[in-house]
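Visitor: Sharing a structure here in structure tokens format.
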Amino acid sequence: TGGLKPHLVILMDIDPKVGLARAGMRGLPDRLEQESIDFHERVRLGFQELAAKEPSRYLVLDATRDEKELAEEIAAKVAALLPPLAKTEEPEPERAERVRTPALS
């Protein structure tokens, strides 16, 4: 990464049992979904530890919440990080001048 870090990391936190049940509704489990519940709990704990070390960079959300609420909270957090957009009037498009050329004989 060359030392680059994102300004914001969004961690959608969910109990592994609930997450796996949701994933199971999509069809056949992939390689990671086939791992043990212990594996998923360790992965979750690892992400929670990362978030605890840098709380100013991590937005930890309960992924069982309503999708619309989650989207609104994420949008608000992202918007707060973006520079304010100056309201500028769009310039009028330049109009091409008609150039008369002498008729060819």
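Visitor: Within region 22-46, can you find the residues that are among the charged types (D, E, K, R) and surrounded by 11 or more Cβ atoms within 10 Å (Cβ to Cβ)?
Guide: Passing the criteria: Arg22, Glu33, Glu35, Glu41, Arg42, Arg44.
Visitor: Further question on the same structure: Keeping to region 47-75, report how many residues are small (Gly, Ala, Ser), free of Cβ contacts under 8 Å to residues at least 12 places away in the same chain and surrounded by 10 or more Cβ atoms within 10 Å (Cβ to Cβ).
Guide: 3
Values in this text are rule-based calculations from the coordinates and carry no lab data. Since this is a predicted model, take the numbers as computed values, not measurements. Note that we place each Cβ from the backbone using ideal geometry, even for glycine, and neighbour counts take in every protein chain shown.
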